[in-house]
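First up is the structure itself, then whatever we jot down about it.
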Number of protein chains: 2
Amino acid sequence: MKKITIGEAARQSGVKVPTIRYYEGIGLLSAPSRSEGNQRSYEPSDLNRLAFIRHARELGFEIEAIRTLLHLQDDPHQSCASADAIAKARLIEVEQRIRSLNALKAELEQMVEGCGHGRVDQCRVIEVLADHGKCVHPHH
Amino acid sequence: MKKITIGEAARQSGVKVPTIRYYEGIGLLSAPSRSEGNQRSYEPSDLNRLAFIRHARELGFEIEAIRTLLHLQDDPHQSCASADAIAKARLIEVEQRIRSLNALKAELEQMVEGCGHGRVDQCRVIEVLADHGKCVHPHH
DNA sequence: TCTTGCACCTCTAGTCGCTAGAGGATGTAG
DNA sequence: CTACATCCTCTAGCGACTAGAGGTGCAAGA
């Protein structure tokens, strides 16, 4: 039940102080009560919200998706279909990103391997960049 | 040897018109000559430069890295050690990103599978977001 | 009590790599 | 000659913060 300063909240949640203020500013976090000297003072329960947001950000959800997820959490009798849809959409994004990064990785490995550590005019890195046709998979 | 308008350069290089102007503005591309009516007119050789930049951007290199790579390309007697270093650094970044995205993917799959399509209070998506400890690999 | 020094406050501006739009000039085809 | 696409410059906006200026609050040591 002890009130907590923003610095303490930051330490306990792993969200930086300016970021907490930023989340309040965009309405993702509701404004906490203030001390006599106008300093923010948080309830322990606010830490759950902060942890939720941080976790969702780590998983790459966008702020607007998190806003929706938080509304859902606040209203537990709603259908979870939209939470499910948001997570599924994120999963598809992540899968696509992994595929595309694997293609890039193959390209970069080729470039780095082919570099004879000589001068630029024999460098495979520069050569491949200049000519897309020299890529392993020109589809990226 | 024919001069080319910015729109034509955009079409041939796959870089959008405002992006070409932006690259000129930040000095990544040198300013081309102008027509009587003050319109940019490019040499065919400028298309190579544009293709190089586009390719490097597709591979995820940052603008500053590309600036360095372009300088190297302009001076082919230099050692290619720095080109090599830039490409290697990018490779390491990509590898890390793939690892981290694979961890996220596992998390998201768990969340989506566990969702019984019922109401929010039984939804695994919301539950896991609220409690990091319920993650498969809490290290992400 | 005073002072030191850290943590807090608000506000603005900057980051990256573009993208969008306003408001106007130019170039080309019919 | 008129319509219309394309070009020009300039400024502002995107997302998700981050940095810094300039000032206030608060707790602990001398």
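Condition check: under 15 Å from the mean Cα position of the chain (by Cα) and either crowded, with 17+ Cβ neighbours inside 10 Å or more than 10 Å from DNA strand C (Cβ to nearest atom) (or both). Does A:E58 satisfy that?
yes
Residues that are within 16 Å of DNA strand D (Cβ to nearest atom) and at the interface with chain B (Cβ under 8 Å from one of its Cβ atoms): does region A:93-112 have at least one?
Initially, region A:93-112 is screened for residues within 16 Å of DNA strand D (Cβ to nearest atom), giving A:93-94, A:97.
Within this subset, residues satisfying the condition of being at the interface with chain B (Cβ under 8 Å from one of its Cβ atoms) are A:94, A:97.
Yes - at least one qualifying residue is present in region A:93-112.
Count, please, the residues in region A:61-81 that happen to be of a type outside the set (D, E, K, R) and within 16 Å of DNA strand C (Cβ to nearest atom).
Taking region A:61-81 and keeping what is of a type outside the set (D, E, K, R), we get A:61, A:63, A:65-66, A:68-73, A:76-81.
From the residues that got through so far, the ones that are within 16 Å of DNA strand C (Cβ to nearest atom) too are A:63.
Number satisfying all stated conditions: 1.
Every residue in region B:41-93 that is part of a loop (DSSP other than H, G, I, E, B) and hydrophobic (A, V, I, L, M, F, W, C), please.
Pass one, region B:41-93, residues part of a loop (DSSP other than H, G, I, E, B): B:43, B:59-62, B:75-78, B:80.
Answer for region B:41-93, where residues must be part of a loop (DSSP other than H, G, I, E, B) and hydrophobic (A, V, I, L, M, F, W, C): B:L59, B:F61, B:C80.
So, A:L50, is that one outside the structural domain of A:A87 (by TED's automatic domain parsing), within 15 Å of DNA strand C (Cβ to nearest atom) and closer than 16 Å to B:V128 by Cα or not?
Judged against the criteria, A:L50 is a match.
Yes or no: B:Q96 assigned to a helix (DSSP H, G or I), of a type in the set (S, T, N, Q) and surrounded by 13 or more Cβ atoms within 10 Å (Cβ to Cβ)?
The answer is no for B:Q96.
Is it true that some residue in region B:28-44 is under 26 Å from A:R97 (Cβ atoms), away from DNA strand D (no atom under 12 Å from the Cβ) and in contact with an Asp or Glu (Cβ under 7 Å, 6 or more places away or on another chain)?
The answer is no; no qualifying residue exists.
Is at least one residue of region A:69-80 of a type outside the set (D, E, K, R) and within 14 Å of DNA strand D (Cβ to nearest atom)? Break it down stepwise before answering.
From region A:69-80, those of a type outside the set (D, E, K, R) are A:69-73, A:76-80; that's our starting set.
Adding the requirement that they be within 14 Å of DNA strand D (Cβ to nearest atom) leaves A:69-70.
Yes, the conditions are met somewhere in region A:69-80.
Condition check ((1) basic (K, R); (2) under 17 Å from the mean Cα position of the chain (by Cα); (3) open to solvent by less than 40 Å² (accessible area, probe 1.4 Å)) across all residues:
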{"residue": "A:Q12", "(1), (2), (3)": "no, no, no"}
{"residue": "A:G25", "(1), (2), (3)": "no, no, no"}
{"residue": "A:Y42", "(1), (2), (3)": "no, no, yes"}
{"residue": "A:F52", "(1), (2), (3)": "no, yes, yes"}
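Only one residue in A:D121, A:D131, A:D75 is farther than 21 Å from B:L70 by Cα and either modelled with pLDDT under 95 or facing another protein chain (nearest Cβ under 7 Å) (or both). Which one?
Only one candidate qualifies: A:D75.
State yes or no: is A:H117 under 30 Å from A:H137 (Cα atoms), in a loop (DSSP other than H, G, I, E, B) and over 17 Å from the mean Cα position of the chain (by Cα)?
Working: under 30 Å from A:H137 (Cα atoms): yes; in a loop (DSSP other than H, G, I, E, B): yes; over 17 Å from the mean Cα position of the chain (by Cα): yes.
For A:H117, the condition - under 30 Å from A:H137 (Cα atoms), in a loop (DSSP other than H, G, I, E, B) and over 17 Å from the mean Cα position of the chain (by Cα) - is met.
The values are calculated or read from the model by the stated rules, or taken from the named source; none is laboratory data. Since we're looking at a predicted model, the values are computed, not measured. Positions of Cβ are generated from backbone atoms using ideal geometry, with glycine treated the same way; all protein chains shown enter the neighbour counts. For accessibility, only protein heavy atoms count, side chains too; no ligands or nucleic acids. Shrake-Rupley method; radii C 1.70, N 1.55, O 1.52, S 1.80 Å.
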